[in-house]
Structure formats: structure tokens, C-alpha cells
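First comes the structure, then the notes that go with it.
The values are calculated or read from the model by the stated rules, or taken from the named source; none is laboratory data. Given the structure is predicted, the values throughout are model-derived calculations rather than measurements. Don't worry about glycine lacking a Cβ; one is built from the backbone with ideal geometry, like all the others, and counts go over all protein chains shown. Just so you know, the surface numbers come from the protein's heavy atoms only, side chains and all, with ligands and any DNA or RNA stripped out. Shrake-Rupley method; radii C 1.70, N 1.55, O 1.52, S 1.80 Å.
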Amino acid sequence: VFRVPKSEFETIMLENVRRDRRVRAIAFPQKTLARPVVIDGVGLHSGAEIHMVLHPAEADRGIVFRRTDLVSQGRGVSDIPATYDHVADTTLSTAIGNEAGTTISTIEHLMAAFSALGVDNALVEIDAAEVPVLDGSSEIFIEKIEAAGLEKLDAPRKAIRILKPVVIEDGLKRAALLPGEGFKLFFEIDFDNEVIGHQEIEADLHDPFFADDILRARTFCLRKDIEAMWAVGLAKGGSLENAVVVDTHAILNEEGLRYEDEFVRHKLLDAVGDLSLAGAPLIGRFRSYRGGHRLNAAALRRLLSDRSAFEIVETGRRERGRMAEMIAVNAPVYAPWMI
């Protein structure tokens with residue numbers, strides 16, 4: 001990773017200003033919640049009633065989950081950073097854990113909401129081992145966070161710029177993180193089911209309509225798989241209120257689908273949540289074919305295990321009158337999880 005000394009960094013910025021004194025380089029600030037957000041709901045797999053509170057957090061804290069049912073045993077037991085190196089399981093959802101063996105599962109829908117809204121720092125207090133499923137999408141998380149509002153922090157936002165392709169393959173399944181500007185995602189699925197079939201979608205995380213177009217898509221399952229999940233103690237809280245259930249020839253939900261291609265949209269939602277475990281926004285592109293939580297996690301881990309594949313940058317904009325454009329400035333420090 002190329003780290004610019006402070007003096008050199010300042011010299012670069014001064015030279016840019018000298019070229020055109022009308023240009024100002026302004027770093028985007030980190031954000032947190034303006035006030036706590038209370039969320040109650042049922043766990044998709046546990047079926048348990050869950051109480052969760054999203055709290056504001058200081059700059060460079062990142063997203064941290066805290067098991068309040070274990071808090072009396074100490075932070076080493078109860079706290080889990082939401083970062084790729086704490087992924088503990090990717091079976092049907094994404095779970096993170098710590099060295100004490102404490103885990104929190106089904107975090108991807110909440111993490112996707114944080115990512116889309118630009119929330120960099122938050123403390124998530126929860127009294128169970130699973131995030132509530134709510135309606136099976138990120139929509140309610142989005143609504144509650146937006147109602148609480150966001151607060152800018154006095155610290156620049158950092159991002160991870162992808163410098164070279166990283167590809168994970170498993171038979172026909174494939175996931176790739178590639179260089180590019182902004183953060184665009186392409187997802188393709190191919191199910192042996194006539195209702196789902198082949199679907200593909202491309203979206204830009206920075207599109208102002210991303211939350212409406214992608215994060216309202218609900219989780220789904222095949223009816224034939226439900227009994228198998230019950231047999232191993234999963235999907236105890238699943239219902240037609242929080243998941244799209246697909247039979248051989250039809251959707252079982254009376255209201256039907258929110259989108260014709262809701263299935264691939266939800267897979268894209270999951271990917272946004274999984275990739276947010278980078279600990280900072282990604283700059284580049286993501287492509288997946290028949291992928292899921294496991295491949296998402298594997299691609300991210302491979303990227304961040306290779307220091308030549310990425311660099312840490314400070315996000316900002318260059319203003320000229322009313323016009324503004326996105327820039328990325330080499331940051332002199334690492335993101336929180338790399339310190």
C-alpha cells in the first residue's frame with residue numbers, strides 16, 4: 001500500500017490549488033447515526049423475539065455488534081467488529097464471531113442498509129445471536145435509520161480502491177472484484193426452477209435510487225427446501241411475511257413479487273452487505289455468477305490479503321463553483337481494521 005507522508009501529501013494538495021485557485025479539495029466526512037434507533041423483530045432462523053438498538057459511535061470505530069445478553073462477561077466476549085476477518089459462517093446467511101466464540105448471524109441486510117446510507121460508525125446492541133429479519137429486505141432498516149438522521153464526524157472518510165482483479169471460482173460459480181470508479185455491481189443467477197430461472201442485474205451503489213431499486217428486494221427460498229432447513233433447526237421464524245417462498249410453478253405469497261426480478265435483486269443486496277465487511281467503502285466493480293455469501297466473503301478476503309491488490313484512499317470532492325466531481329486522495333493512514 002502506498003502511504004503518502006503528511007508533508008508530501010500537503011505539497012501535492014498545494015500544487016493542485018496553485019494550478020487553479022478556484023478549486024478546493026474537500027474530504028468527505030465519516031458519518032454515524034444522529035440518535036439511537038430501536039428495532040424489534042423475529043430471527044429468521046432462531047424464531048426468537050429480538051431487541052436491537054443502533055447507537056451512534058465515534059469516528060474510526062467502524063460497525064461493532066455487541067451481544068447485550070453476554071455483556072456482563074466483558075467486551076472480549078460480547079463485542080464483534082463487523083469486518084471480513086471476523087466472518088464465522090456463510091451457511092444461508094453471513095455470521096461474524098470473535099475469539100471467545102460469540103457469534104451474530106444474518107447481519108447482511110442491516111449491513112447493506114449501513115453501506116447504502118454511508119454509515120461508517122455504529123454500535124449495534126442486540127440481545128440475541130441473530131439480527132431480526134423484519135420483512136426479509138433492508139427496507140425497514142433504511143426507513144428507521146433515515147428517520148433518526150445521520151451526523152457528520154470530524155474525520156475524513158477512507159475507501160479501498162481495487163488495483164487489480166481478484167477472482168474466486170468454484171465450479172460454475174464465480175465472483176470477482178475488479179478495478180473501476182465508484183462502485184458498480186453485476187449479479188447473475190441461474191436456478192433450476194421455472195419461476196426464478198435466469199436473471200441478471202447491474203447497479204451502482206451510488207445511484208440515488210439504489211435503496212428503492214435494490215434494498216427492498218426480499219429474501220427467498222424454495223418450498224422443497226423448507227423442511228430440510230427445519231430438520232437442522234433453521235428457518236424457525238420464516239413465514240410469508242418475511243420471505244418469498246417459491247414452489248415448482250408459482251409464488252406462494254399472495255401479494256406476489258415487488259419486482260419481476262426480485263430474486264437477483266436480493267442476491268445483489270446480500271452482496272452489498274457482505275462486501276461492506278471490508279471495513280470501508282470499495283472503489284471498483286463486483287461481478288458474480290451463481291454466487292452467494294461464501295463466494296462474497298472469499299473474494300473480499302482474497303482482495304484484502306494481497307496488499308498489492310488495493311490501496312487505502314481518502315474520499316473527497318473537488319469543487320469549482322457549482323460544479324463538483326469525486327476524487328480520491330492517497331491517505332497517510334490505514335483504515336481502522338488495518339491499524
**Complete:** Subset of the range 192-227, residues part of a loop (DSSP other than H, G, I, E, B) and either over 24 Å from Val131 (Cβ atoms) or open to solvent by 30 Å² or more (accessible area, probe 1.4 Å) (or both), comes to Asp192, Asn193, Glu194, Val195, Ile196, Gly197, His206, Asp207, Pro208, Phe209, Arg216
**Asked** Residues of the range 154-165 being in contact with an Asp or Glu (Cβ under 7 Å, 6 or more places away or on another chain) and among the hydrophobic types (A, V, I, L, M, F, W, C), which ones?
**Response** Ala155, Leu163
**Request:** Keeping to the range 237-278, report how many residues are farther than 27 Å from Ala48 by Cα and either over 21 Å from the mean Cα position of the chain (by Cα) or assigned to a loop (DSSP other than H, G, I, E, B) (or both).
**Result:** 6
**Message:** With the structure loaded, tell me whether Leu178 is in contact (Cβ under 8 Å) with a residue 24 or more places away in the chain, closer than 30 Å to Gly316 by Cα and surrounded by 19 or more Cβ atoms within 10 Å (Cβ to Cβ) or whether it fails that test.
**Reply:** no
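Yes or no, residue by residue, for (1) surrounded by fewer than 19 Cβ atoms within 10 Å (Cβ to Cβ); (2) at pLDDT 50 or above; (3) charged (D, E, K, R):
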site: Glu15; (1), (2), (3): yes, no, yes
site: Ala25; (1), (2), (3): yes, no, no
site: Lys31; (1), (2), (3): no, yes, yes
site: Arg35; (1), (2), (3): yes, yes, yes
**Request:** Could you figure out which of (1) open to solvent by less than 70 Å² (accessible area, probe 1.4 Å); (2) in a helix (DSSP H, G or I) isn't true of Arg302?
**Result:** (1)
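Conditions (1) under 17 Å from the mean Cα position of the chain (by Cα); (2) buried (at least 20 other Cβ atoms within 10 Å of the Cβ), marked per residue:
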{"position": "Pro56", "(1), (2)": "no, yes"}
{"position": "Leu70", "(1), (2)": "no, no"}
{"position": "Ile96", "(1), (2)": "yes, yes"}
{"position": "Thr103", "(1), (2)": "no, no"}
{"position": "Asp120", "(1), (2)": "yes, yes"}
**Message:** For the structure I just gave you, tell me whether Leu150 is touching a strand residue (DSSP E or B) at 6+ places or on another chain (Cβ under 7 Å) and surrounded by fewer than 18 Cβ atoms within 10 Å (Cβ to Cβ).
**Reply:** yes
**Request:** Return only the number of the condition from (1) assigned to a helix (DSSP H, G or I); (2) under 18 Å from Leu92 (Cβ atoms); (3) of a type outside the set (Phe, Trp, Tyr) that Ile189 does not satisfy.
**Result:** (1)
**Checking His206 against (1) at positive phi; (2) modelled with pLDDT under 95, the condition it does not meet** = (1)
**Request:** Output the number of the condition that Leu163 fails; it satisfies all remaining conditions of (1) surrounded by 17 or more Cβ atoms within 10 Å (Cβ to Cβ); (2) touching a Leu at 6+ places or on another chain (Cβ under 7 Å).
**Result:** (2)
**Message:** Cβ contacts < 7 Å: first residue without any contact (Cβ under 8 Å) to a residue 40 or more places away in the chain, restricted to the range 100-127; second residue part of a loop (DSSP other than H, G, I, E, B), any location; separation 6+ or different chain. Result?
**Reply:** Thr102/Leu70; Thr103/Ala129; Ile104/Ala129; Ile104/Val131
